[in-house]
1. Can you run down the residue pairs with Cβ atoms below 8 Å, 6 or more apart or on separate chains, where the first is in region 167-195 and farther than 25 Å from G220 by Cα and the partner is of a type in the set (K, R)?
2. Give just the number: which of (1) assigned to a helix (DSSP H, G or I); (2) closer than 25 Å to P71 by Cβ does V230 not satisfy?
3. With respect to V290, determine if the residue is open to solvent by 20 Å² or more (accessible area, probe 1.4 Å) and closer than 30 Å to G339 by Cβ.
4. If you take the residues in region 228-265 that are open to solvent by 10 Å² or more (accessible area, probe 1.4 Å) and acidic (D, E), which one is farthest from D139 (Cα to Cα)?
5. Would you be able to tell me the number of residues in region 175-221 that are farther than 14 Å from I278 by Cα and open to solvent by less than 30 Å² (accessible area, probe 1.4 Å)?
6. Mind checking which residues of region 153-172 are touching a helix residue (DSSP H, G or I) at 6+ places or on another chain (Cβ under 6 Å) and open to solvent by 10 Å² or more (accessible area, probe 1.4 Å)?
7. Right, V268: closer than 21 Å to H60 by Cβ and open to solvent by 20 Å² or more (accessible area, probe 1.4 Å) or not?
8. Given the conditions (1) in contact (Cβ under 8 Å) with a residue 60 or more places away in the chain; (2) over 21 Å from V166 (Cβ atoms); (3) under 14 Å from the mean Cα position of the chain (by Cα), and given that N244 satisfies all but one, which numbered condition is not satisfied?
Amino acid sequence: MDRVVARIPEWAVIIGVVLVSVFMQFPNLKEIRYGAPAAETILEIAEDPFSQVEREDGSHGEKKAFRLLFPAIVRLCGCSNTWHVYALLLVANILYLAACYFVIRNGTGDKTVSMIALCALALTYSGACGFLDTKGWADAVPLALVILAMLRIHPFVVTLCLFAGVMGDERVLMAIPYVILWQTAQRKGSYDLTVSDLWADRSMLVAGLVSVLAFGFFRGLLIHIHGFEVKLGGVGPRVLLQHNPDVYSVSFWSGFEALWLILFLWIVTVFRHWKRAIAIALLLYVLASVVACYMVFDVTRSLCYLLPALLFALVMVYRSFSKREYALALLLGVMIVCGIAPSSNYYGIGVRDYTPAPFRAVVYMREFLQTQP
């Protein structure tokens with residue numbers, strides 16, 4: 001396998017993975033023309049970005065009034081129909097898959113492992129969301145910017161990528177700490193992090209802080225200068241009890257599918273190599289991130305914003321194995337499982353017989369609350 005992969009140019013690896021992903025999760029092209037309301041909303045926003053569109057509270061169209069990055073790109077490119085919007089999403093998906101490859105490649109130094117890991121990712125909804133995004137949700141664009149921020153680039157460029165990403169979707173805020181941790185490890189040249197490491201090289205902390213403050217400033221301008229209204233329908237802790245419990249586990253699984261195993265092993269690895277305080281803080285933040293994703297109805301798309309954590313996990317887990325062959329076997333197994341049942345084949349379908357007890361408990365809690373006076 002190494003001899004074959006060594007002969008393949010890296011651009012060909014990326015294109016090959018893209019073709020595999022599209023073959024396994026072929027998009028519903030009819031939806032682009034007949035069922036792409038979010039794409040039509042993006043086109044409408046692009047005509048007048050600083051005038052809030054009126055849509056149903058909690059709808060994607062209503063939320064996109066604040067997510068001006070992609071409408072700005074659509075306007076800049078002169079897009080005029082939903083096919084143009086989808087073409088941009090395809091480009092964004094290919095771009096961030098390429099960025100994912102180079103992040104893993106730089107971290108592991110192993111071309112074969114990087115190709116297998118990228119293929120496994122591309123077989124999940126997280127890796128193929130731009131290909132499957134025939135309705136125009138546009139998550140591929142901010143995801144591309146977040147992953148680009150993980151490359152070995154100047155802190156100023158990291159700041160620009162993070163700010164642009166959060167202007168594309170505020171859920172990027174959830175990914176910023178993972179990017180900071182990754183960049184700090186890269187600049188240190190070691191994956192054994194301490195709190196002092198974060199403070200010693202404050203450029204990444206500044207990059208994250210500036211991007212958040214810039215986002216808050218721009219959001220404030222939209223609200224107080226341009227008269228935008230913040231409508232939080234379909235968002236918040238109450239949504240935790242409004243989900244259909246039968247799809248709790250499906251939503252969780254389809255975020256990264258078998259790659260969740262890598263994230264679990266990452267936490268174990270972190271506790272072995274990092275200072276206990278920062279390891280516990282990371283564990284709590286990962287749990288908080290997942291819970292936060294369940295505070296909206298589109299859980300799987302929200303989980304996609306944990307992608308920087310997954311890339312970090314892939315690199316650290318690979319490095320933690322005593323023998324490369326073990327890591328290679330693990331990733332091959334993960335890729336096979338991801339390929340057996342791609343998310344697009346069952347996304348949103350309830351599996352009552354396999355709903356785990358923690359999710360099933362929500363049913364009982366909701367029934368209990370409904371019976372209270």
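1. Q186/R152; Y191/R319; L193/K275; T194/K275; V195/K275
2. Here V230 meets the rest and fails (1).
3. Working: open to solvent by 20 Å² or more (accessible area, probe 1.4 Å): yes; closer than 30 Å to G339 by Cβ: yes.
It is true that V290 is open to solvent by 20 Å² or more (accessible area, probe 1.4 Å) and closer than 30 Å to G339 by Cβ.
4. Once the filter is applied, the top-ranked residue is D246.
5. Step one: filter region 175-221 for residues farther than 14 Å from I278 by Cα, giving 175-176, 179, 183, 186-190, 200-221.
Those still in the list that are open to solvent by less than 30 Å² (accessible area, probe 1.4 Å) too: 175-176, 179, 183, 204, 207-208, 211, 215, 220.
The total comes to 10.
6. P155, T159, C161, F163, A164, M167, G168, R171 - these are the residues of region 153-172 that are touching a helix residue (DSSP H, G or I) at 6+ places or on another chain (Cβ under 6 Å) and open to solvent by 10 Å² or more (accessible area, probe 1.4 Å).
7. no
8. (3)
The values are calculated or read from the model by the stated rules, or taken from the named source; none is laboratory data. None of these values were measured; they are calculated from a predicted model. Because the Cβ atoms are built from the backbone with ideal geometry, glycine has one as well, and the counts that use them run over all protein chains shown. These area figures cover heavy atoms from the full protein model, side chains too; ligands, DNA and RNA do not enter into them. Shrake-Rupley method; radii C 1.70, N 1.55, O 1.52, S 1.80 Å.
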